[in-house]
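The structure appears below as structure tokens.
The values are calculated or read from the model by the stated rules, or taken from the named source; none is laboratory data. This is a predicted model, so every value here is computed, not measured. A quick note on method: Cβ atoms are made from the backbone with ideal geometry, for glycine too, and the neighbour counts reach across all protein chains shown.
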Amino acid sequence: MKRLLLILLAVALTACAAPATPAAQPVAPEPVVVTVVVEPTQAPQQPQPEPIVVTVVVEASPAPAQPTAVPPTQAPVVAVATTAVTGGAIVVDDLLGKGVFKNITLSGNEFSLRCVTRELTITATAALIDITEAELFYRTRDYPQALYDSPWRSAGKMDKLGNGVFSMKLTGESVNPDARLDPGWFEFQIVGLNKGGGRVDATQKVEQLVVYRINCP
């Protein structure tokens, strides 16, 4: 019994002498480093406006219309005279005849009241079978601008030469005194008449082709 007590005492002493096992210390978790790269926010690109192309069309201004005086029996149409000169006579372009008269011929491009070349002869051939007579109308305009014009007047019936040909000889005295300019444009138009004296049709106005004078230039 005594021996057993000694053994138990020895075991107890041995247990007390053994180093104490340290308690496990909690291990702190290592921090996790997360790197976030934040790119600077760029302003949204404004779309570049597309250029607007504006096309401007500029029309040519029409030439101012010349004042038109109407003969008693017809309404004239303005046209530009185109002529050819052959042997001193002037042949008017058939376009001005308008299919009513053709072969319109002038003896010259000037006549006067008191100077040489006192006569002007106008000849035309009817292009329509209904035309049996022809009447000539005229007016004068200031030379050379042609800004002012006299009223249209009748120079009378043209002479019949046969085969539809008509002619009229004008002198310086043929022009009405109120229409005499020095100088002035002498412009005319031929009206075709039927057997009853009614108007069939007329030529265009023949303008700025003949000069009328009172005295010698």
Taking the condition of being part of a strand (DSSP E or B) and out of contact with any Ser or Thr (no Cβ under 9 Å at 6 or more places or on another chain), how many residues in the range 168-187 meet it? 1
Counting only residues that are aliphatic (A, V, I, L, M) and within 22 Å of V92 (Cα to Cα), which one in the range 167-203 is surrounded by the fewest Cβ atoms within 10 Å (Cβ to Cβ)? V200
Within the range 132-142, can one find any residue that is at pLDDT below 95 and under 23 Å from G88 (Cα atoms)? no
Residues that are among the small types (G, A, S) and either touching a residue at least 60 places away in the same chain (Cβ under 8 Å) or part of a loop (DSSP other than H, G, I, E, B) (or both), drawn from the range 149-167: S150, S154, G164
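Please state which one of V165, V175 is under 21 Å from E110 (Cβ atoms), modelled with pLDDT of 95 or more and touching a strand residue (DSSP E or B) at 6+ places or on another chain (Cβ under 7 Å). Give the derivation first.
Working: V165 fails: under 21 Å from E110 (Cβ atoms).
Just a single option satisfies the conditions, and that option is V175.
Listed here are the residues, each with its yes/no results for (1) over 41 Å from the mean Cα position of the chain (by Cα); (2) in contact (Cβ under 8 Å) with a residue 12 or more places away in the chain.
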{"residue": "G108", "(1), (2)": "no, yes"}
{"residue": "A134", "(1), (2)": "no, yes"}
{"residue": "L147", "(1), (2)": "no, no"}
{"residue": "K169", "(1), (2)": "yes, yes"}
{"residue": "E173", "(1), (2)": "yes, yes"}
{"residue": "P177", "(1), (2)": "yes, no"}
{"residue": "L181", "(1), (2)": "no, yes"}
Quick check: is even one residue across the range 203-214 closer than 20 Å to T125 by Cβ, of a type outside the set (F, W, Y) and over 37 Å from the mean Cα position of the chain (by Cα)? no
For the structure I just gave you, tell me whether L209 is touching a residue at least 40 places away in the same chain (Cβ under 8 Å), in contact with an Asp or Glu (Cβ under 9 Å, 6 or more places away or on another chain), part of a strand (DSSP E or B) and aliphatic (A, V, I, L, M). yes
Where residues in the range 102-140 are of a type in the set (S, T, N, Q) and assigned to a loop (DSSP other than H, G, I, E, B), which of them is surrounded by the fewest Cβ atoms within 10 Å (Cβ to Cβ)? T117
